[in-house]
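Below is one structure, written out as C-alpha cells; the observations come after it.
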Amino acid sequence: MKMLISLGLLFVSIMHGGVFVVQPAWGNDLKATFENEVAGITPGMEILPSGKGMLSENGNRPMVADSGSYPNFKNRSTAKNPDFSARKKIIAERKYANAGFISSDIVSVGKVTKLFEDKQGTTGPDEIFVDIGKRQGIEKGDRFTVYSLDRYIYHPVLRGGMFDKLGEYTRRTGYEYKIVPHPGKPVGHRVMIQGVIEITELGDEVSYARVVKAYDTIVIGHLLTPYKKFEDRTSEFSETDKSIEGYIVASKGDKIGISDGDFVYIDKGLEDEVRPGDRFEVYRVPNVEENAWYNFEPEKKPLLPFVLGEIKIIDTQKKTATAIVVKSRIDMVIGNSIRFKRSDHPG
C-alpha cells in the first residue's frame, strides 16, 4: 500500500512539474547539460577551435578541414563524372579552333569558286564549289580547312634588315592616306580560320563540298588546306625551367586594348622551344627621364618591370605562337614584352 502511495505521489509530481531539470555542471569552461553528457562531452575534455580540426587520410598525411571550404570537391566531382575533363577539352577546342595564327609559308591546295544560288557568303550547311577534284587525288569524304590570309604582320618593335621582305603600310597624313615602307621586321600573314568543308561529289577539276563547320562567313576566294583537327594540348607539357623572352606582335581583330579572353600572337614558336600550355607574363618597363632640362634627347632610366597580365600558349608554328589572355591587370597593347613564367604549378 505504501509503495502504491509513493508511486501516486511521483506521478502527480511529474504531471505538475513537467520534466526533470538537470542542473548544469561546469568543467574546463564548458557548460554541460544532460544532452551534452549523452553526446560524450566530459568535464576533462578539450574542445578544438572551429576550423582547426585535423583529419587523418589513410592514417598518414593529415588533411586540414577549413571552415567553409571543400578541399576534395574537385576530386569528388571528377570521380562522379569521369568524362568531365574530356568535355572541358572539347569546349576548349571549339573556342581555340578559330583563333588563327601567323605563318610565312602556308600553301593552299585550292579555293572556293562558287556558292549555290549565287550567294555572296555562307555559314553552312550549304554546298559549295571548290576548284579541286580527281586530278589532285582527292576522294569523296575528304575534309579541308577553309582559311583566309589577313593582313601581313610586321614586328612592332624590331626593325627589319636590308635583305628582309619589303613591306608597305598605310599611314594617315592629314586627311589623306599615304603608302609608305614599313620599318618593322616581317613576321608573316595572319591566317584566319573560316571553317571546315567535306567533299560530297567529285569532278575532274571541280567538286561539290558541304560546309560542316563555319566559324565565320565563307565567301568566294577563300583558300583550302588539308584538314587537321585542332586539339587542345595545353595540359600535355609541364616544363617550368625555360628562358624565353619576346613580344606580342599582333592580336585577333587588331584590338587596341587587349584583355581577358582575347587572342594574341607572339614572335616565338617551336624553334624557340615554345609549347602549348606554356605561360608568359606580359610586362612593360617604365622609365624616368634624367637631365631633361638641358638635353634634347634626355637620358631614360628604366625602372622595375610592371606586369600587365598573363597569356597561355594554345598553338604553335615554327617562329610564332598563338595565345589567349588568361589574366590582365590593365589592358595590354601590341609591342608589349613577354617572358616565360617559371612556376612549379603552371596550371
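The values are calculated or read from the model by the stated rules, or taken from the named source; none is laboratory data. Computed from a prediction, not measured in an experiment: that's the story for all the values here. Cβ sites come from the backbone with ideal geometry, for glycine too, and all protein chains shown count toward neighbours.
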Some residue of region 293-305 being farther than 30 Å from residue 125 by Cα and crowded, with 16+ Cβ neighbours inside 10 Å: no
Among (1) at pLDDT below 90; (2) within 19 Å of the chain's Cα centre (by Cα); (3) over 20 Å from residue 191 (Cβ atoms); (4) of a type in the set (Phe, Trp, Tyr), the one test that residue 230 misses: (3)
Residue list for region 122-142, filter: surrounded by 15 or more Cβ atoms within 10 Å (Cβ to Cβ) and within 30 Å of residue 254 (Cβ to Cβ): 122, 124, 126, 128, 130
Looking only at region 270-285, and only at residues there that are of a type in the set (A, V, I, L, M) and not in a strand (DSSP E or B), the one that is surrounded by the most Cβ atoms within 10 Å (Cβ to Cβ): 274
Residue, modelled with the lowest pLDDT, within region 175-201, restricted to residues that are surrounded by fewer than 19 Cβ atoms within 10 Å (Cβ to Cβ) and over 27 Å from residue 249 (Cα atoms): 175
Qualifying positions in region 224-254 - within 25 Å of residue 335 (Cα to Cα) and part of a loop (DSSP other than H, G, I, E, B): 234, 240, 241, 242, 243, 244
Qualifying residue in region 204-223 (condition: at pLDDT 85 or above, farther than 22 Å from residue 98 by Cα, outside any strand (DSSP E or B) and among the small types (Gly, Ala, Ser)): no
